[in-house]
């Protein structure tokens, strides 16, 4: 599969990531039109000085779960230094996967309890590697419930899909 990662708001990411001050609040989201189908991910970051940063990207053919994972991966990958972060997601798949299930997957050679290969193993491995570089606190929040950070990350993910289709 060819990954098309187009970083929107690249200028903001490059200029400002070097001056982010932790701890950070990071909101991530993924979206898909069709599942599988065109997908996007969005990242919205607030640092300790209340400065805001955002970026997003898309893939032409993907799943919603992959986009949820990509949001978190791109958020952590954008951090220059080791830092304390709180990541907020509306995806139980992402939160439970990285906080509960991943330990058993690793111990079982990336197999589920049913002895099946873990779906999206490539992204889980990348995310796990990135979480080892930072002090990460994972938080689940209800999606589409009016939480500003989650709504912003959702809008970024959906707008990324629009950019793909242009």
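Miscellaneous remarks
- Of all beta bridges that DSSP places with both ends in the chain, some 70 percent have antiparallel geometry.
- Per residue convex hull volume, Cα atoms of the chain, in Å³: 111 Å³
- Förster radius 41 Å - calculated FRET efficiency between residue 84 and residue 159 (Cβ-Cβ, nearest 0.05): 0.90
- Point-to-point label distance, residue 122-residue 49, nm (Cα→Cβ direction, 7 Å offset): 3.8 nm
- Packing order of peptides 30-41, 64-75, highest average first: 64-75, 30-41 (average count of other Cβ atoms within 10 Å over each peptide's residues).
- The label-point distance for residue 140 and residue 35, in a model that sets each label 7 Å from Cα toward Cβ, rounds to 1.5 nm.
Taken together, the values in this text are just the output of simple stated rules run on the coordinates, not laboratory data. Keep in mind the model is a prediction, meaning the values are calculated, not measured. Neighbour counts run over all protein chains shown; Cβ positions are idealised from the backbone, glycine included.
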